[in-house]
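Asks: Got a structure for you, questions after.
The values are calculated or read from the model by the stated rules, or taken from the named source; none is laboratory data. Here the structure is a predicted model, which is why all the values come from computation and not from measurement. Glycine gets a Cβ as well: all are built from the backbone with ideal geometry, and neighbour counts include every protein chain shown.
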Amino acid sequence: MEGVLVTGGTGFVAGWCVADLLDRGYAVRTTVRDLRQEAGVRAAAGDGHLEVVRADLTRDDGWDAAVDGCTYVLHVASPLGMDGRAGEDALVGPARDGALRVLGAATRAGVKRVVLTSSTAATTPRDPHGVSDETVWTDPADPNLNPYRRSKLLAERAAWDFMADHGGGTELTTVLPAAVFGPLRSRGNAGSVDVIARLLAGRPPVLPRFGFSIVDVRDLADLHIRAMTDPAAAGERFIGAGEFQWLAQMAETLRAHLGDRARKVPSRGVPDGLVRTLARVVPPLRALTPLLGRDLTFSSAKAQRLLGFTPRPAATTIVDCAETLLPAEPRKAVGSPG
């Protein structure tokens with residue numbers, strides 16, 4: 001039975017990777033910063049051979065033991081700060097240095113391949129329109145980069161540089177997700193799912209012109225495993241993305257499929273100028289303002305061609321995500337009227 005280390009087992013993407021690997025019969029080890037989180041990780045993972053160990057991206061200790069005996073590593077963990085509140089020091093250092101800690105341990109242990117979760121933030125051109133692919137690298141001097149987006153870029157850059165000098169027999173592949181939505185396995189750290197949670201709660205009450213290339217977390221977990229095992233993936237970058245949708249389209253999908261349960265979802269737009277004014281005092285808006293009106297999409301053609309990646313429709317992803325955020329509809333008793 002081949003062993004796989006998945007870093008950051010409490011996370012949204014990592015949790016789905018763990019569950020998918022267990023379903024496929026792998027022996028899985030996953031890391032948490034605090035072993036008090038182990039019960040929640042196990043509850044979300046499902047059945048299979050799972051080991052939970054402590055390791056922190058900001059510390060050296062624990063990583064050699066974490067990779068010991070593993071054939072593969074999925075380095076999914078990264079500090080989160082998409083709401084604009086976390087500063088550069090809180091994100092860039094842990095993301096970059098944490099990736100180097102994981103890669104150092106993996107190469108020392110002779111791991112066959114490391115798959116590192118980067119982001120489309122690392123492949124974003126200055127032009128806010130059109131289509132981007134894996135040949136593009138974001139300019140780290142771009143003033144529109146917030147600390148979270150810069151952390152993903154610099155961590156991936158550092159990973160490729162490290163492997164060029166120290167990789168030895170260990171291969172590196174990177175996966176660059178777009179905005180990740182889909183069903184939650186637990187109510188823990190849900191990352192970008194907060195966008196849909198806010199829509200369902202009617203916050204904000206209007207719809208700024210933000211848009212996202214969307215990837216389903218289930219498809220993304222599958223892409224990580226394909227990138228882990230396919231010989232064609234060694235030394236490559238792969239974007240994980242599906243359809244582009246404006247926030248207004250996402251809201252319309254929720255209203256169309258959820259009926260009264262989506263009654264708080266806003267339906268009115270808001271002028272860009274007002275959004276920029278509000279962003280001066282609302283940190284989450286400030287972090288997103290560079291995306292205002294941007295209809296740049298990210299192509300997953302390479303992943304589809306080489307790895308058989310097949311993203312599902314965005315509407316399916318959005319509705320399935322919402323279903324896990326909303327209270328379950330009460331079941332009617334047998335024989336009850338209506």
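Asks: Taking the stated definitions as given, is G40 part of a helix (DSSP H, G or I) and among the small types (G, A, S)?
Replies: Criteria met by G40.
Asks: Any residue at all in the stretch 48-55 that is under 17 Å from the mean Cα position of the chain (by Cα), of a type in the set (A, V, I, L, M) and closer than 21 Å to T229 by Cα?
Replies: no
Asks: Can you tell me which residue in the stretch 154-193 is farthest from D142 (Cα to Cα), limited to those that are among the acidic types (D, E) and surrounded by 18 or more Cβ atoms within 10 Å (Cβ to Cβ)?
Replies: E171
Asks: Checking P290 against (1) surrounded by fewer than 19 Cβ atoms within 10 Å (Cβ to Cβ); (2) over 20 Å from G191 (Cβ atoms), which single condition isn't satisfied?
Replies: For P290, the failing item is (2).
Asks: Picking from R286, R294, R226, R203, which residue would you name as being in a helix (DSSP H, G or I), of a type in the set (D, E, K, R) and farther than 30 Å from L22 by Cα?
Replies: So the residue among R286, R294, R226, R203 that is in a helix (DSSP H, G or I), of a type in the set (D, E, K, R) and farther than 30 Å from L22 by Cα is R286.
Asks: A follow-up question, please. Name the residues in the stretch 27-55 that are under 18 Å from V114 (Cα atoms) and either modelled with pLDDT under 95 or touching a His at 6+ places or on another chain (Cβ under 8 Å) (or both), would you?
Replies: A27, V28
Asks: Another question about this same structure. Taking A164, is it free of Cβ contacts under 8 Å to residues at least 40 places away in the same chain, within 29 Å of A301 (Cβ to Cβ) and assigned to a helix (DSSP H, G or I)?
Replies: yes
Asks: When you look at G69, is it more than 30 Å from P140 (Cβ to Cβ), surrounded by fewer than 15 Cβ atoms within 10 Å (Cβ to Cβ) and not aromatic (F, W, Y), yes or no?
Replies: Answer is yes for this residue.
Asks: Taking the stretch 1-25 only, how many residues are part of a loop (DSSP other than H, G, I, E, B) and farther than 21 Å from L103 by Cα?
Replies: Result for the stretch 1-25: 3.
Asks: Quick test of your reading of the structure: G69 fulfils all but one of (1) more than 18 Å from the chain's Cα centre (by Cα); (2) closer than 30 Å to R286 by Cβ; (3) in contact (Cβ under 8 Å) with a residue 12 or more places away in the chain. Name the failing condition by number.
Replies: Among (1) more than 18 Å from the chain's Cα centre (by Cα); (2) closer than 30 Å to R286 by Cβ; (3) in contact (Cβ under 8 Å) with a residue 12 or more places away in the chain, G69 violates only (2).
Yes/no matrix, rows are residues, columns are (1) of a type outside the set (S, T, N, Q); (2) out of contact with any helix residue (DSSP H, G or I) (no Cβ under 6 Å at 6 or more places or on another chain); (3) over 11 Å from V73 (Cα atoms); (4) surrounded by fewer than 24 Cβ atoms within 10 Å (Cβ to Cβ):
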position	(1), (2), (3), (4)
L5	yes, no, no, no
G8	yes, no, yes, no
A14	yes, yes, yes, no
V28	yes, no, no, no
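Asks: Limited to the stretch 98-115, what total is found for residues that are hydrophobic (A, V, I, L, M, F, W, C) and either at pLDDT below 95 or surrounded by fewer than 23 Cβ atoms within 10 Å (Cβ to Cβ) (or both)?
Replies: Adding up the residues that qualify gives 2.
Asks: Being hydroxyl-bearing (S, T, Y) and surrounded by fewer than 24 Cβ atoms within 10 Å (Cβ to Cβ) is the requirement here; does S78 meet it?
Replies: no
Asks: Another question, if that's okay. If you check G242, G269, which single one turns out to be over 30 Å from T135 (Cα atoms) and either among the small types (G, A, S) or at pLDDT 95 or above (or both)?
Replies: From the options G242, G269, the qualifying one is G269.
Asks: Now for a separate question. Only one of (1) out of contact with any Ser or Thr (no Cβ under 8 Å at 6 or more places or on another chain); (2) assigned to a helix (DSSP H, G or I); (3) modelled with pLDDT of 95 or more is not met by T310, so which one is it?
Replies: (2)
Asks: Also: Only residues that are without any contact (Cβ under 8 Å) to a residue 24 or more places away in the chain and buried (at least 16 other Cβ atoms within 10 Å of the Cβ): list them for the stretch 116-136, please.
Replies: V136
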